[in-house]
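First up is the structure itself, then whatever we jot down about it.
The values are calculated or read from the model by the stated rules, or taken from the named source; none is laboratory data. On a predicted model such as this, the values are computed, not experimentally measured, just so you know. Please note: Cβ atoms are built from the backbone with ideal geometry, for glycine as well, and neighbour counts cover all protein chains shown. The protein model used for the area step is the full one, side chains on, heavy atoms only, and it has no ligands, DNA or RNA in it. Shrake-Rupley method; radii C 1.70, N 1.55, O 1.52, S 1.80 Å.
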Amino acid sequence: MSVSRLGYIGASTTDVTAWRKFSTEVLGLEVSPDSSERLLYLRGDERHHRLGVHRGDRDDVAYIGWEVPNHEALEAAAKLEKNGVKVEAGTASELAERHVLELAHFTCPHTEVRMELTVGNKTQFNPRFRPTRDLSGFRTGELGMGHFVLYTANAQAAADFYMRTLGFGVSDWVVSPEGARMAVFLHCNPRHHSMAFINWPTAPRRIQHVFFETNSIDDVGKTYDVCVERNIAKTSIGRHPNDRSISFYFRNPSRWFIEYGWDLARVDPNTLTVEHYVLRPGIGWGHEGLRNLEG
(Lines give C-alpha, C1' and ligand atoms only; values in the text may rest on other atoms or scores of the structure.)
Protein backbone atom coordinates (compact mmCIF):
# COMPACT_ATOMS: atom_id res chain seq x y z
CA MET A 1 0.00 0.00 0.00
CA SER A 2 1.11 3.57 -0.62
CA VAL A 3 -0.48 6.97 -0.08
CA SER A 4 -0.75 9.48 -2.91
CA ARG A 5 -0.54 12.80 -1.12
CA LEU A 6 -1.32 14.78 2.01
CA GLY A 7 -5.00 15.70 1.92
CA TYR A 8 -5.83 17.74 5.01
CA ILE A 9 -4.84 18.44 8.61
CA GLY A 10 -7.10 18.81 11.61
CA ALA A 11 -6.16 20.96 14.59
CA SER A 12 -7.64 21.37 18.04
CA THR A 13 -7.78 24.89 19.46
CA THR A 14 -9.02 26.71 22.51
CA ASP A 15 -9.73 29.85 20.43
CA VAL A 16 -11.71 29.30 17.23
CA THR A 17 -12.47 33.02 16.97
CA ALA A 18 -8.78 33.92 16.80
CA TRP A 19 -8.21 31.26 14.13
CA ARG A 20 -11.04 32.65 12.00
CA LYS A 21 -9.44 36.10 11.97
CA PHE A 22 -5.91 34.71 11.51
CA SER A 23 -6.94 32.48 8.62
CA THR A 24 -8.34 35.25 6.46
CA GLU A 25 -6.10 38.16 7.45
CA VAL A 26 -2.75 36.32 7.65
CA LEU A 27 -3.00 32.96 5.87
CA GLY A 28 -5.20 34.27 3.08
CA LEU A 29 -7.41 31.15 3.30
CA GLU A 30 -11.15 31.17 2.79
CA VAL A 31 -13.45 30.15 5.64
CA SER A 32 -15.95 27.74 4.10
CA PRO A 33 -19.64 28.77 4.45
CA ASP A 34 -20.43 25.46 6.18
CA SER A 35 -18.07 26.30 9.05
CA SER A 36 -19.46 26.84 12.55
CA GLU A 37 -18.38 28.10 15.95
CA ARG A 38 -17.25 24.53 16.65
CA LEU A 39 -15.39 23.77 13.41
CA LEU A 40 -13.70 26.00 10.84
CA TYR A 41 -13.11 24.61 7.36
CA LEU A 42 -10.23 26.52 5.73
CA ARG A 43 -9.93 26.36 1.96
CA GLY A 44 -6.76 27.00 -0.05
CA ASP A 45 -7.55 25.45 -3.46
CA GLU A 46 -10.22 23.30 -5.14
CA ARG A 47 -10.49 20.88 -2.22
CA HIS A 48 -13.37 21.48 0.19
CA HIS A 49 -10.80 22.28 2.87
CA ARG A 50 -7.13 21.83 3.73
CA LEU A 51 -7.30 22.72 7.42
CA GLY A 52 -10.05 21.78 9.84
CA VAL A 53 -9.85 23.75 13.10
CA HIS A 54 -11.91 22.22 15.91
CA ARG A 55 -12.87 23.77 19.22
CA GLY A 56 -11.18 21.73 21.98
CA ASP A 57 -9.42 21.84 25.31
CA ARG A 58 -5.87 21.76 23.92
CA ASP A 59 -3.87 23.46 21.18
CA ASP A 60 -2.27 20.81 19.00
CA VAL A 61 -2.73 18.66 15.91
CA ALA A 62 -5.85 16.49 16.06
CA TYR A 63 -5.47 14.29 12.96
CA ILE A 64 -3.70 14.00 9.60
CA GLY A 65 -5.59 13.05 6.43
CA TRP A 66 -3.84 11.15 3.63
CA GLU A 67 -5.32 10.44 0.20
CA VAL A 68 -5.00 6.95 -1.27
CA PRO A 69 -5.85 6.19 -4.92
CA ASN A 70 -8.90 3.94 -4.57
CA HIS A 71 -10.88 1.48 -2.47
CA GLU A 72 -8.45 -1.35 -3.20
CA ALA A 73 -5.58 0.70 -1.82
CA LEU A 74 -7.60 1.46 1.28
CA GLU A 75 -8.24 -2.26 1.84
CA ALA A 76 -4.48 -2.79 1.83
CA ALA A 77 -4.44 -0.98 5.18
CA ALA A 78 -4.52 -4.49 6.63
CA LYS A 79 -0.74 -4.34 6.27
CA LEU A 80 -0.77 -1.91 9.18
CA GLU A 81 -2.46 -4.49 11.37
CA LYS A 82 0.25 -7.01 10.51
CA ASN A 83 2.62 -4.48 12.10
CA GLY A 84 0.60 -4.39 15.30
CA VAL A 85 -1.45 -1.27 14.54
CA LYS A 86 -5.25 -1.38 14.86
CA VAL A 87 -7.12 0.09 11.89
CA GLU A 88 -10.75 1.20 12.19
CA ALA A 89 -13.30 2.30 9.61
CA GLY A 90 -14.61 5.84 9.76
CA THR A 91 -18.17 6.36 10.92
CA ALA A 92 -20.85 7.97 8.76
CA SER A 93 -20.56 11.19 10.76
CA GLU A 94 -16.77 11.23 10.31
CA LEU A 95 -17.12 10.77 6.55
CA ALA A 96 -19.55 13.68 6.42
CA GLU A 97 -17.36 15.89 8.60
CA ARG A 98 -14.19 15.19 6.57
CA HIS A 99 -16.05 15.42 3.23
CA VAL A 100 -14.71 12.09 1.93
CA LEU A 101 -16.32 8.93 0.52
CA GLU A 102 -14.25 6.42 2.50
CA LEU A 103 -12.00 6.64 5.54
CA ALA A 104 -9.91 4.32 7.70
CA HIS A 105 -7.86 5.53 10.65
CA PHE A 106 -5.15 4.41 13.05
CA THR A 107 -3.05 5.95 15.79
CA CYS A 108 0.58 6.55 14.86
CA PRO A 109 2.67 4.42 17.26
CA HIS A 110 5.49 6.98 17.25
CA THR A 111 3.59 10.25 17.82
CA GLU A 112 0.11 9.19 19.05
CA VAL A 113 -1.39 11.32 16.28
CA ARG A 114 -4.50 9.98 14.53
CA MET A 115 -3.72 9.20 10.87
CA GLU A 116 -6.59 8.96 8.40
CA LEU A 117 -6.51 7.23 5.01
CA THR A 118 -9.15 8.58 2.66
CA VAL A 119 -10.71 7.98 -0.74
CA GLY A 120 -12.86 10.43 -2.67
CA ASN A 121 -11.97 13.76 -1.10
CA LYS A 122 -14.46 16.43 -2.08
CA THR A 123 -13.45 18.81 -4.86
CA GLN A 124 -15.40 21.95 -5.70
CA PHE A 125 -14.54 23.88 -8.83
CA ASN A 126 -17.20 26.53 -8.35
CA PRO A 127 -16.92 28.91 -6.68
CA ARG A 128 -13.19 29.00 -7.31
CA PHE A 129 -10.84 29.56 -4.41
CA ARG A 130 -9.99 33.22 -4.02
CA PRO A 131 -7.31 34.24 -1.51
CA THR A 132 -8.67 36.62 1.11
CA ARG A 133 -5.67 38.94 0.79
CA ASP A 134 -3.04 39.76 -1.84
CA LEU A 135 -1.70 36.28 -2.66
CA SER A 136 -1.38 34.38 -5.93
CA GLY A 137 -2.33 31.07 -4.27
CA PHE A 138 -0.77 27.74 -3.36
CA ARG A 139 0.91 24.88 -5.19
CA THR A 140 -1.09 21.74 -4.40
CA GLY A 141 -2.76 19.43 -6.97
CA GLU A 142 -0.97 16.11 -7.41
CA LEU A 143 1.61 17.18 -4.81
CA GLY A 144 -0.99 17.46 -2.08
CA MET A 145 -1.57 20.06 0.59
CA GLY A 146 2.06 20.70 1.60
CA HIS A 147 3.88 19.11 4.53
CA PHE A 148 3.97 18.89 8.31
CA VAL A 149 6.56 18.11 10.99
CA LEU A 150 5.84 16.09 14.15
CA TYR A 151 7.91 15.44 17.26
CA THR A 152 8.82 11.90 18.25
CA ALA A 153 11.10 9.97 20.58
CA ASN A 154 12.71 8.04 17.72
CA ALA A 155 12.77 9.49 14.19
CA GLN A 156 14.52 6.39 12.82
CA ALA A 157 11.79 4.08 14.09
CA ALA A 158 9.07 6.41 12.78
CA ALA A 159 10.67 6.52 9.33
CA ASP A 160 11.05 2.74 9.23
CA PHE A 161 7.37 2.29 10.15
CA TYR A 162 6.02 4.55 7.40
CA MET A 163 8.36 3.13 4.77
CA ARG A 164 7.36 -0.41 5.71
CA THR A 165 3.60 0.11 5.91
CA LEU A 166 2.56 3.04 3.71
CA GLY A 167 5.25 3.19 1.03
CA PHE A 168 7.02 6.41 2.04
CA GLY A 169 10.62 7.03 1.06
CA VAL A 170 13.34 8.95 2.88
CA SER A 171 14.53 12.10 1.12
CA ASP A 172 17.24 13.03 3.60
CA TRP A 173 18.31 13.33 7.24
CA VAL A 174 19.54 16.13 9.48
CA VAL A 175 22.24 14.91 11.86
CA SER A 176 24.17 16.44 14.76
CA PRO A 177 27.88 17.29 14.38
CA GLU A 178 28.52 14.00 16.21
CA GLY A 179 26.50 12.06 13.61
CA ALA A 180 23.31 11.41 15.61
CA ARG A 181 20.17 11.35 13.45
CA MET A 182 17.96 14.22 14.57
CA ALA A 183 15.30 14.64 11.89
CA VAL A 184 14.04 12.73 8.85
CA PHE A 185 12.15 13.94 5.78
CA LEU A 186 9.78 11.56 3.95
CA HIS A 187 8.16 11.76 0.52
CA CYS A 188 5.15 9.99 -0.99
CA ASN A 189 5.20 11.80 -4.36
CA PRO A 190 7.59 14.22 -6.13
CA ARG A 191 7.28 16.86 -3.38
CA HIS A 192 10.56 16.74 -1.43
CA HIS A 193 8.68 15.80 1.72
CA SER A 194 5.09 15.58 2.86
CA MET A 195 5.98 14.48 6.40
CA ALA A 196 8.96 14.86 8.72
CA PHE A 197 9.88 13.80 12.25
CA ILE A 198 12.14 15.54 14.77
CA ASN A 199 13.60 13.78 17.79
CA TRP A 200 12.20 15.50 20.88
CA PRO A 201 10.39 13.15 23.28
CA THR A 202 9.55 15.93 25.78
CA ALA A 203 8.22 18.46 23.26
CA PRO A 204 5.38 20.70 24.54
CA ARG A 205 3.07 19.47 21.77
CA ARG A 206 2.99 16.87 19.01
CA ILE A 207 3.27 19.20 16.01
CA GLN A 208 5.97 21.70 15.14
CA HIS A 209 4.64 23.22 11.92
CA VAL A 210 2.51 22.95 8.79
CA PHE A 211 3.92 24.10 5.44
CA PHE A 212 2.11 25.70 2.50
CA GLU A 213 3.94 26.19 -0.80
CA THR A 214 3.02 29.48 -2.44
CA ASN A 215 2.90 30.10 -6.18
CA SER A 216 5.25 33.08 -5.97
CA ILE A 217 8.20 34.24 -3.89
CA ASP A 218 6.32 37.53 -3.57
CA ASP A 219 3.66 35.66 -1.59
CA VAL A 220 6.33 34.69 0.94
CA GLY A 221 7.61 38.26 1.18
CA LYS A 222 4.16 39.81 1.51
CA THR A 223 3.19 37.32 4.21
CA TYR A 224 6.42 38.02 6.05
CA ASP A 225 5.60 41.73 6.12
CA VAL A 226 2.12 40.97 7.50
CA CYS A 227 3.58 38.75 10.21
CA VAL A 228 6.30 41.23 11.20
CA GLU A 229 3.66 43.93 11.53
CA ARG A 230 1.63 41.66 13.83
CA ASN A 231 4.71 40.50 15.74
CA ILE A 232 4.11 36.81 14.97
CA ALA A 233 7.09 36.16 12.65
CA LYS A 234 9.32 33.64 14.43
CA THR A 235 12.19 33.46 11.91
CA SER A 236 13.61 35.61 9.19
CA ILE A 237 13.28 34.56 5.55
CA GLY A 238 15.86 31.95 4.60
CA ARG A 239 16.64 29.00 2.36
CA HIS A 240 16.75 25.40 3.56
CA PRO A 241 19.76 23.35 2.40
CA ASN A 242 17.80 20.16 1.78
CA ASP A 243 14.43 21.06 0.20
CA ARG A 244 15.84 24.36 -1.19
CA SER A 245 12.67 26.29 -0.40
CA ILE A 246 12.79 29.99 0.46
CA SER A 247 10.55 30.36 3.49
CA PHE A 248 9.91 31.66 6.99
CA TYR A 249 7.98 30.51 10.07
CA PHE A 250 5.29 32.31 12.05
CA ARG A 251 3.07 31.54 15.03
CA ASN A 252 -0.60 30.70 14.73
CA PRO A 253 -3.19 31.31 17.49
CA SER A 254 -2.48 27.84 18.93
CA ARG A 255 1.19 28.78 19.47
CA TRP A 256 2.68 26.26 17.05
CA PHE A 257 3.90 27.30 13.63
CA ILE A 258 3.00 27.79 9.99
CA GLU A 259 5.69 27.90 7.30
CA TYR A 260 5.13 29.67 3.99
CA GLY A 261 7.67 28.77 1.34
CA TRP A 262 8.36 28.92 -2.37
CA ASP A 263 10.14 26.64 -4.86
CA LEU A 264 10.36 23.48 -2.77
CA ALA A 265 12.56 20.83 -4.41
CA ARG A 266 11.06 17.91 -6.32
CA VAL A 267 12.38 14.36 -6.14
CA ASP A 268 12.23 11.31 -8.38
CA PRO A 269 11.65 8.36 -6.04
CA ASN A 270 13.15 6.02 -8.65
CA THR A 271 16.50 7.78 -8.81
CA LEU A 272 16.75 9.60 -5.47
CA THR A 273 19.92 9.09 -3.44
CA VAL A 274 19.38 9.66 0.30
CA GLU A 275 21.59 12.45 1.70
CA HIS A 276 22.24 13.98 5.10
CA TYR A 277 23.00 17.46 6.39
CA VAL A 278 24.92 18.40 9.51
CA LEU A 279 23.08 20.81 11.81
CA ARG A 280 25.51 23.67 12.38
CA PRO A 281 25.64 27.47 11.92
CA GLY A 282 25.78 28.44 8.27
CA ILE A 283 24.14 25.25 6.98
CA GLY A 284 21.82 27.41 4.90
CA TRP A 285 21.18 31.13 4.80
CA GLY A 286 18.70 33.24 6.73
CA HIS A 287 16.07 31.63 8.97
CA GLU A 288 17.40 33.46 12.00
CA GLY A 289 15.56 32.05 15.01
CA LEU A 290 14.98 28.59 13.53
CA ARG A 291 17.30 26.79 15.96
CA ASN A 292 15.21 28.17 18.84
CA LEU A 293 11.82 27.81 17.20
CA GLU A 294 10.02 26.80 20.38
CA GLY A 295 11.50 29.64 22.38
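In table form, for the structure just shown:
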quantity	calculated
Filter pass, GLY56 being among the small types (Gly, Ala, Ser) and either under 23 Å from VAL226 (Cβ atoms) or crowded, with 19+ Cβ neighbours inside 10 Å (or both)	no
Residue in the stretch 1-23 that is under 27 Å from GLY221 (Cα atoms) and in contact with a helix residue (DSSP H, G or I) (Cβ under 6 Å, 6 or more places away or on another chain) present	no
Considering residues of the stretch 219-263 that are β-branched (Val, Ile, Thr) and in a strand (DSSP E or B) only, the residue least open to solvent (accessible area, probe 1.4 Å)	ILE258
Test for ALA73: is it exposed (fewer than 15 other Cβ atoms within 10 Å of the Cβ) and either over 19 Å from TYR162 (Cα atoms) or out of contact with any Asp or Glu (no Cβ under 6 Å at 6 or more places or on another chain) (or both)	no
Cβ-Cβ under 8 Å pairs, at least 6 apart or on other chains, the stretch 255-275 side of a type in the set (Ser, Thr, Tyr), far side surrounded by 13 or more Cβ atoms within 10 Å (Cβ to Cβ) and in a strand (DSSP E or B)	TYR260/PHE211; TYR260/PHE212; TYR260/THR214; TYR260/SER247; TYR260/PHE248; TYR260/PHE250
ARG206 vs. criteria open to solvent by 30 Å² or more (accessible area, probe 1.4 Å), within 20 Å of VAL85 (Cα to Cα), of a type in the set (D, E, K, R) and at pLDDT 95 or above	yes
Unique match (being modelled with pLDDT of 95 or more and on the phi > 0 side of the Ramachandran plot) among ASP263, ASP219	ASP263
Close pairs from the stretch 155-169: first over 13 Å from THR111 (Cα atoms), partner open to solvent by less than 20 Å² (accessible area, probe 1.4 Å) and hydroxyl-bearing (Ser, Thr, Tyr), Cβ under 7 Å, at least 6 apart	PHE168/TYR162
Residue satisfying all of: in the stretch 1-29; of a type in the set (A, V, I, L, M) and assigned to a strand (DSSP E or B); farthest from HIS147 (Cα to Cα) among these	ALA11
Matching residues in the stretch 264-295 - criterion: being in a helix (DSSP H, G or I) and open to solvent by less than 70 Å² (accessible area, probe 1.4 Å)	LEU290
Residue that is basic (Lys, Arg), in a loop (DSSP other than H, G, I, E, B), more than 19 Å from VAL61 (Cβ to Cβ) and modelled with pLDDT under 95, where the choices are ARG128, ARG133	ARG128
Matching helices (runs of 4 or more DSSP H) fully within the stretch 55-110 where at least 1 residues are in contact with a helix residue (DSSP H, G or I) (Cβ under 9 Å, 6 or more places away or on another chain)	78-82
